1. Peptides 81-92, 62-73: what's the order by average Cβ count within 10 Å, highest mean first?
2. Taking a cut-off of 18 Å between Cα atoms, list the lysines near LYS114, but don't count ones fewer than 8 places away on the same chain.
3. What order, most packed first, do the peptides 109-121, 44-56 have when packing is the mean number of other Cβ atoms within 10 Å of each residue?
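No lab work stands behind these numbers, since they all come straight from the coordinates. Model, not experiment: these values are computed from the prediction. No Cβ is skipped: glycine too gets one built from the backbone with ideal geometry, and neighbour counts run over all protein chains shown.
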Amino acid sequence: MCQNRQQETRTKLTFKERTMIELGNPYREMATTCSTRPLAEKKIVWKRFESEPFEKGTFQAKVLSERFIDSAASVFRKAYPEVYGSPHEFVLIPERYAGHIAFDENWEEDSRSKVCCMPVVGGDRAGVTKRFLGWPRERVEIL
């Protein structure tokens, strides 16, 4: 009796096996019909960041200007000394900003070629950078 049951189990086909026998092999031409499109180079472009004035018109968020490079580097040196030796060390050294960060003055060119964008909050009265909003890539647009 045990042998009959084993033979029955061996001869029974699963649903998948029965379907494959009935349909043949539906996937046989799959590898021959696949084609890929050529890959185009993608360009990432920074979106221009500028807010409405807030706090009764005292502050406004904008993209970092070249005239505030020293202020920005000073804030990073005091707030994040642990960045020394990391890939982001350039934020501590004002001389390296030009190679990495998109500036307000050269926005059309820099937004397409620079790796980082630094939105800052500046005060109209004080004329200095007050606080950083975000860094490095928060707002990007893919063309």
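1. Highest to lowest by the protection proxy: 62-73, 81-92.
2. LYS42, LYS43, LYS47, LYS62
3. Details: 109-121: 17.8, 44-56: 12.3.
Result, highest mean first: 109-121, 44-56.
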